[in-house]
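This report concerns only the one structure given below.
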Amino acid sequence: MYFELAHNNFGLHKSTTHLNNSFILANYSFFIVLTILNLRSIQLIKLNIMKILAIDDQQLILLPLEKRLTKLGYEVKTEIDAVNSIQLFKSFQPDLVLIDINISEKISGLDIIKYIRLIYKSTVPIIVLSGNDDTKVISEAFDLGINDYLKKPLSLNEICIHIKRLIGTSSNVRETSLNDVVIQKRCVGIVIPCYNEEFRLLKNDFLEFIDQNTGYHLCFVNDGSTDNTLSVLNKLKEERENNISVYDCKINGGKAEAVRLGMLYLNQFEELDYLGFLDADLSTDLSDFDELVTTIENSNYKIVSGSRIPRMGANISKDTFRGIISSTINFIICKILEMNFSDTQCGAKIFDKDIIKIVFKDKFVTKWLFDVEIFVRMKNHFKLEKATQLLCEKPLKRWVHVDGSKLSFKDSLKIIFQLGKIAWVYNNQNTKKTGVTTKRRKLVKA
C-alpha cells in the first residue's frame, strides 16, 4: 500500500515537473520570438531607405547623381530609356522621381509625367531636372502636378536640398561634408592624342577635372607609342571607366590622324552634345577648355577655337622660337583661309556634333597643320561668308609651353611647305566644285 502510494505520488510529481518544464520552454520560446520580432522591427526602422528613380538620356549626368544620392543613404535606380523608365517606375515603386524633359524624340519627360499622374494615378513627388527653360514647358509640367522644376546647370548640393525637403533622408546615415559638383545640361567628349606620354601625362589633373565637372568623357588616343603609354592609359581608364575610354592606334600616324580617329569614335556616342580635342600636356588649362564649351553651347557657333593672344590679365607664355614661328606662319595662314585668324594652331577646340563628319570624315593632307585644314574644309563646305559666322576664336586665360613637346626644329621647317600643299590641294578641290573665288571676310571674335 505504501509503495503504491509512493509510486503514484512520484508519477504525479514527474507529470507536474514535465508540465512545468514545457511551460518554461514555451515561455522561453515565446520570449525569443518576441525578441527577434522586436529586433527586426528596430532594423526595419533603421533601414527606412527612401527610393529614388532618376531618368535622363545622358548617362554622364546620371552617374554623379547616383553616386551622391547613394552616399546620402537613398536607394537609387537610373534609366536612360523612356519606355524602360515607365516599366521601372511600376516595379521599383520609388518615393521620388527625378526626370529630365528632353529624353527622346518620341517620348519626352512630360509624357512620362502624364503617365505617372494621369494613368498610374500616383502622387509620388516629382522633381524635373532639365536644361529646358521654355516657359510653356515649365507651365505644363506644373499643371501636370510636378513638385519642383530645377534648371541645369545646377549645384548637386542644391539638388540634394530639394530632395530632402520633399522626402527627407535615411535615419541611419550620418551626413558628411561632400564636395560640390555642378550638374551640367550638356555632355562633352574630349579627344586627347598621346604619343610617348608615359612620364608626362598629368593623370591626377584629368581625374580631378572629371570628378568636379560632370558631363565630360575623355578619350585618350594612343598614337602608336613606343613606351608604356598604352599601359598608363588603360590603368587610368580603370579608375574612371564610365568617363574615360582609350582608343589604340597600333601605328604612329601623327597628331592629325589620332585626333581624327578619336573624334569619329566619340561621334558614335549619342549622349554627347559636343566634341573637342586638347593637348595631352595640358598647356591649355582644363578650366579654359570648359569656358570654350560654355561659349559654344550659348551661341550658334559650330567651332570655338582657343586663341593664345597675349593680353592684360592672361598668362600666355611661349618660348622665343615658337613665338617667331607662330608670327611668321600666321600671316600665310590668313592668306590661305581669307580670314583674319589670330591663332589657328592652339590645341584646344570644341565642335558641334553637326559638323564632325564634314570636318573629320576624310584624312588630312598634313600631320601638323590639320587645324588649318579644318577651317579650310569649313570654308569650302559653307562658303566663306557663312563659315566666318560659324567660327569663333576665344582668348585663353592661360597657355604655357611645356618642355618635351614633340614639335622639333626640323618639323617647324616643314610648316611652310605643308601650307603650300594645303593651299594647292584644297584650292584645286574648291575650283573643281564651284570655280568661284570669294572675298576676304573678318572672323568673329568672342
query: within 21 Å of Leu53 (Cβ to Cβ), assigned by TED's automatic domain parsing to the domain that holds Lys67 and free of Cβ contacts under 8 Å to residues at least 24 places away in the same chain - does that describe any residue in the stretch 139-147?
result: yes
message: Return the residues of the stretch 353-380 that are surrounded by fewer than 18 Cβ atoms within 10 Å (Cβ to Cβ) and either touching a Phe, Trp or Tyr at 6+ places or on another chain (Cβ under 6 Å) or without any contact (Cβ under 8 Å) to a residue 24 or more places away in the chain (or both); say none if nothing qualifies.
response: Ile358, Asp362
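One line per residue, one yes/no per condition, for (1) surrounded by fewer than 20 Cβ atoms within 10 Å (Cβ to Cβ); (2) within 24 Å of Tyr195 (Cα to Cα); (3) of a type in the set (D, E, K, R); (4) not assigned by TED's automatic domain parsing to the domain that holds Gln59:
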residue	(1), (2), (3), (4)
Glu257	no, yes, yes, yes
Leu264	yes, yes, no, yes
Glu271	yes, no, yes, yes
Gly276	no, yes, no, yes
Ser287	yes, yes, no, yes
Asn300	yes, no, no, yes
task: Name the residue, out of Leu63, Leu69, Leu88, that is in contact with a helix residue (DSSP H, G or I) (Cβ under 8 Å, 6 or more places away or on another chain), assigned by TED's automatic domain parsing to the domain that holds Ile163 and part of a helix (DSSP H, G or I).
output: Leu69
- prompt: Going through the stretch 135-152 one residue at a time, which ones are part of a loop (DSSP other than H, G, I, E, B) and at pLDDT 95 or above?
  reply: Leu144, Gly145, Ile146, Asn147
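The values are calculated or read from the model by the stated rules, or taken from the named source; none is laboratory data. Computed from a predicted model, the values in this text were never measured in an experiment. Neighbour counts are summed over all protein chains in view; Cβ atoms, including those assigned to glycine, are modelled from backbone coordinates with ideal geometry.
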